[in-house]
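**Student:** Can you read through this structure? Questions will come right after.
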Amino acid sequence: MERKIVELYTQSGLLSARRRLFASRIITLLVCAAALGICISFCIGVDAHNAVRRLVCAIAVSAVGGWTAITLRLLLISRFKRTAAHYKAVLEGKRERIEGAFSVSDETIRITGGVSIKRVRVIAANADRELSLFSSMRPLFPADKAAAVYSVYDFISAYEVERS
Amino acid sequence: MRAIKWFFANFHRYLLWLLCSVILWGFVFTLITDAPKARKVVIYADTPSLMDAELADELGKDLPEGIRLIKVHPFSYAAFDTGAPAEADIYVLSREQAEMNAEFLSAVPVKDPHDPECEGRVIGWLIHSDPAGYSAADSFFGYYAQGETVSLDYVVCFNKNSVHIRSFTGTGDDAAVEIAERLLLLP
């Protein structure tokens, strides 16, 4: 029976990850610029009478703006950066074809400084082994239907299914 | 639970940024609101309590010609910059403190027979004295320590290096003298 290859990683996926990274960087930059702009506006026309009140306002705006930027950096930018780097590495890496039966664990493993993954157990004719699946790809990978997978650096990058 | 763990793992970043904001904007505002030495009069007071902002506001209502800013500080303000009081123009000191630091103070003409003298020269004008029954600017200077009913004598002195005491040194302007005279008339 004929098989078809379903790619999990594509150039458009990489482009989309890079777009998200760019957008999150722009949003962070805008937040910082807005906070800085407001703080500078507090400095205009300041005198001995309103200095303390304006200083408190400037510190508050600067702190909140900075905290927002830090949160965006930690939650969005670093995540999108890791995703884009992961896509690039998988797309440029050398592929290895593995046949067998596959089962995906429910548990998500968060690698510090890396992407979150799910472990995939491969029951093959020669030897059993474990592969990794980028957790965002889990809904796209039907483990029970896959007849073979292609792995790059032990990450599943594509799979083969029987053409119906 | 994961959000709380995440927050505490990154708490130091938020705290550090708050600290940076306070230091950065404090520095910027000090830079903006400050004036050059020639255009400001700085008062340091060593009284038990001081309404510094209110006094600066009161004196700032009618600034001497050429003066843009009047700053009033307690001596504790100079805790992190011990050299700062040496740059002040006017000091409000206890009589003992004035006599101890006479070498840094300008000689002034006598206004009151109780004015402090040191080595034959008058070094300040009396602003508060219990024995003499005289007190000025009570609403801005707290001359009595908490729980005390008797206070030290306090005098208004001038830094001998001030550029705002022309009447005594012959150079600069008379802004500090003008302000000191107004201090003595404040309620």
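**Student:** Which order do B:His12, A:His49, B:His128 take when ranked by solvent-accessible area (1.4 Å probe, heavy atoms of all protein chains), largest first?
**Tutor:** Ranked from most to least accessible, the order is A:His49, B:His12, B:His128.
**Student:** Let me ask you something else. If you restrict to DSSP beta bridges whose two residues both lie in chain B, what percentage is antiparallel, to the nearest 5?
**Tutor:** Bridges in chain B that DSSP calls antiparallel: roughly 60 percent.
**Student:** For B:Ser49 and A:Ile27, what is the calculated FRET efficiency with R₀ set at 56 Å and r taken between the beta-carbons, to the nearest 0.05?
**Tutor:** It comes out at approximately 0.65.
**Student:** May I ask you to rank B:Leu19, B:Leu183, A:Leu91 by accessible area, largest first, using a 1.4 Å probe over the protein chains only?
**Tutor:** Sorted descending by solvent-accessible area, the residues read B:Leu19, A:Leu91, B:Leu183.
**Student:** Relative to the longest principal axis of chain B, what angle (0 to 90°, nearest 10) does the C-alpha long axis of helix B:2-33 take?
**Tutor:** It works out to around 30 degrees.
**Student:** Suppose accessible area is computed on protein heavy atoms with a 1.4 Å probe; arrange A:Val161, A:Val52 from highest to lowest.
**Tutor:** These residues rank, largest area first, as A:Val52, A:Val161.
**Student:** Please quote Rg/Rh for the range A:8-92 to two decimal places, taking the Kirkwood radius as Rh and restricting both calculations to Cα atoms.
**Tutor:** With Rg and the Kirkwood Rh in hand, the quotient comes to 1.26.
**Student:** Rounded to the nearest 20 Debye, what is the dipole magnitude of the range A:1-49 about its Cα centre when Lys and Arg each give +1 and Asp and Glu each give -1 at the C-beta?
**Tutor:** Using only the charged Cβ atoms, the result is roughly 340 debye.
**Student:** Report the residues of the range B:146-167 in range of a label on B:Asp130: point 7 Å along Cα→C-beta, backbone N strictly under 14 Å from it.
**Tutor:** Only B:146-154 fall inside the zone, counting backbone N under 14 Å.
**Student:** Using a Förster distance of 45 angstrom, determine the FRET efficiency expected from the C-beta separation of A:Asp154 and A:Leu36, and round it to 0.05.
**Tutor:** 0.50
**Student:** Can you give the FRET efficiency to the nearest 0.05 for A:Thr71 and A:Leu91, using r as the Cβ-Cβ distance and R₀ = 30 Å?
**Tutor:** 0.50
**Student:** Same structure again: If you line up the Cα atoms of the protein assembly as shown on their principal axes, what length do they span on each, largest first, in Å?
**Tutor:** 118, 40, 30
**Student:** Also, I was wondering about something else. Filter the DSSP H helices in chain A by two things, a Kyte-Doolittle mean of at least 1.0 and an axial alpha-carbon span of 20 angstrom or more, and list the hits by number.
**Tutor:** Taking the DSSP H segments of chain A (at least 20 Å long, mean hydropathy at least 1.0), we get A:11-43, A:51-72.
**Student:** Taking 0.36 nm per intervening residue step and subtracting the Cα-Cα distance, what contour gain separates B:Ala79 from B:Leu24 on full extension?
**Tutor:** In short, 17.8 nm is gained.
**Student:** Here is a further query. What nm distance separates the two modelled labels at A:Ser16 and B:Lys5, each placed 7 Å from Cα along Cα→Cβ?
**Tutor:** About 2.9 nm separates the two model spin labels.
**Student:** I've got another one for you. May I ask which residue of A:Ala148, B:Gly172, B:Ile4 lies farthest towards the positive end of the charge dipole of the protein assembly as shown, with charges of +1 (Lys, Arg) and -1 (Asp, Glu) on Cβ and the Cα centre as origin?
**Tutor:** The Cα lying farthest towards the positive end belongs to A:Ala148.
**Student:** A 27 angstrom limit on the alpha carbon distance is what I want to check against. Which of A:Lys81/B:Lys5; A:Lys4/A:Lys88; A:Lys4/A:Lys81; A:Lys145/B:Lys5; A:Lys118/B:Lys5 exceed it?
**Tutor:** Too far apart for the 27 Å limit: A:Lys4/A:Lys81; A:Lys145/B:Lys5.
**Student:** May I pose another question? So, taking all protein chains as they sit and a 1.4 Å probe, how much accessible area belongs to A:Tyr153, in Å² rounded to tens?
**Tutor:** 150 Å²
The values are calculated or read from the model by the stated rules, or taken from the named source; none is laboratory data. Remember, predicted model here, so these are calculated numbers, not experimental data. Neighbour counts run over all protein chains shown; Cβ positions are idealised from the backbone, glycine included. Heavy atoms of the whole protein, side chains included, go into the accessibility calculation; ligands, DNA and RNA do not. Shrake-Rupley method; radii C 1.70, N 1.55, O 1.52, S 1.80 Å.
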